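Just so it is clear, none of the values below were taken in a lab; they were calculated from the coordinates. This one's a predicted model, so the numbers in the text were calculated from it and none came from an experiment. Here Cβ is always computed from backbone atoms with ideal geometry, including for glycine, and neighbour counts include all displayed protein chains.
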Amino acid sequence: MKREFLSADLLIIGGGTAGCYAAITAARRRPERSILLVEKADIRRSGCLAAGVNALNAYITEGRTPQDYVEFVRRDAEGVIRDDLVLSMAERFNECAADLERMGLVILKDAAGKYATRGKWNLKINGENIKPILAAEVRRYSNVIVLNHVNVTDYLLLGGRVRGATGFSVREETAYSFAARAVICATGGAAGLYRPNNPGFSRHKMWYPPFNTGAGYAMGIRAGAEMTGFEMRFVALRCKDTIAPTGTIALGVGAEQVNAFGEPYALRYGLSTSGRAYGTTQEAREGRGPCYLQTVGVTPEQETDLIRPI
Ligand SMILES: Cc1cc2nc3c(=O)[nH]c(=O)nc-3n(C[C@H](O)[C@H](O)[C@H](O)COP(=O)(O)OP(=O)(O)OC[C@H]3O[C@@H](n4cnc5c(N)ncnc54)[C@H](O)[C@@H]3O)c2cc1C
């Protein structure tokens, strides 16, 4: 294989939402520093938001505070959270939303010209182009180099510290070594940890991107890094015939989760995210699956709204 060696002050692995935003933030704050953003797909359409998004699910709406958000997350995660990390994000949500709007993201407004909210912590957006918008912003900074189609496989350690990484091109026969003073890993989650519950042809269909394979976790564990915040893992809740974030249908049109006997079961387990996921698996385990989203009460207007192209 051909070998390439590249160095930068900051190496960012994974150019999804977090990786692109990290590159933008670092480029603005330290224009004298060089940043290398390495992505195994193409930052214009990669990761969770490759196909877009319809809401910013993290916003401090009027009358609420970042601390309220921490409390909400604490309840939803049954107390298993790192308060400091959640708070540091919550304090920047609104600044980040305004920044995205400046970049060109369409955030819907109400009649009074205020951001239109969906639920307590969400803003409605026309987000099908959020990744191309972020990618275009990344490209505005001359101190950022983007390397697409390179899969990173391991960190390089020097004196017990991460000082770079190795990887290979998924298009050409090229092996890469990267050296950096600091490394940020933003490779997303581990979609394939649990097997999708779909039959036959749909076996591998999932709404979380299957290409987020947990590579970043594996690299961290192999390098001996402290892996923090892993007590609470995101597991996509799966109801029969719904290969989508369940909340999109459940919240959007009030479709209730029911078991195979048509019994609503969510209240029995609690309405937190973890409670709803646990309840669904418990119902299946106890022979009352598969679970469905009850859509019989959905009005024709709501249905039209669901299938309406954005
Ligand atoms: C279908 C769907 C709908 C969603 N809807 C919403 C919504 O409406 N509102 C909302 O706020 N959130 C929503 N989310 C959640 C949100 O999209 C994610 O929380 C967020 O994008 C995660 O960002 P990330 O940068 O951590 O991961 P990602 O954006 O997934 O980025 C990870 C990147 O790392 C790259 N990568 C992985 N491994 C490697 C490797 N070894 N080497 C190099 N690159 C690698 C991937 O290709 C990818 O580009 C949704 C998610 C999905 C999947």
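Identify which of Met89, Met227, Met219 has the largest mean-square fluctuation in a Gaussian network model of the chain, with springs joining Cα atoms closer than 10 Å. Highest fluctuation of the listed residues: Met227. Under a point spin-label approximation (7 Å from Cα along Cα-to-Cβ), what is the Arg288-Leu87 distance to one decimal in nm? For the pair Arg288/Leu87, the computed spacing is 4.0 nm. For a quick check, take a GNM of the chain with Cα springs below 10 Å and name the residue from Gly192, Gly14, Gly216 with the largest mean-square fluctuation. Largest GNM mean-square fluctuation: Gly192. Using C-alpha pairs under 8 Å with a sequence gap of at least 6, the mean separation divided by the residue count of the stretch 54-127 gives a relative contact order of 46 percent.
Percent of Cα pairs in the chain per distance bin of 20 Å, from zero to the largest separation: 27, 58, 15, 0. Among Gly160, Gly63, Gly189, which one shows the biggest mean-square fluctuation in a GNM of the chain, springs joining Cα atoms closer than 10 Å? Comparing Gly160, Gly63, Gly189 in the GNM, the peak value goes to Gly63. Full extension of the chain segment joining Asn126 with Arg139 gains 2.5 nm, where the gain is 0.36 nm per residue of separation less the Cα-Cα distance.
Assuming charge only on the beta carbon of Lys and Arg (+1) and of Asp and Glu (-1), the dipole of the chain about its Cα centre is about 680 debye to the nearest 20. Think of it as helices only: each DSSP H run of n ≥ 4 in the chain is worth -39500 (n - 2.57), and spread over all residues that comes to -9000 deg cm²/dmol at 222 nm. If R0 equals 22 Å, the separation of the Cβ atoms of Asp68 and Arg233 corresponds to a calculated FRET efficiency of about 0.35. Applying 1/(1 + (r/R0)^6) with R0 = 30 Å to the Cβ-Cβ distance of Glu173 and Arg33 gives a FRET efficiency near 0.45. Taking every C-alpha pair closer than 8 Å and separated by at least 6 residues, the mean separation divided by the residue count of the chain gives a relative contact order of 20 percent. A simple spin-label model places pseudo-atoms 7 Å from Cα toward Cβ; at Leu157 and Asp110 they are separated by 5.4 nm. So which of Lys109/Lys205; Lys109/Lys131; Lys40/Lys120 end up more than 24 Å apart, counting from Cα to Cα? Too far apart for the 24 Å limit: Lys109/Lys205; Lys40/Lys120.
I'd like the antiparallel share, as a percent to the nearest 5, of DSSP beta bridges with both residues in the chain. The antiparallel fraction comes to roughly 55 percent.
When the alpha carbon gyration tensor of the stretch 63-117 is reduced to an equivalent ellipsoid, the three semi-axes, largest first, read 26, 13, 9 Å.
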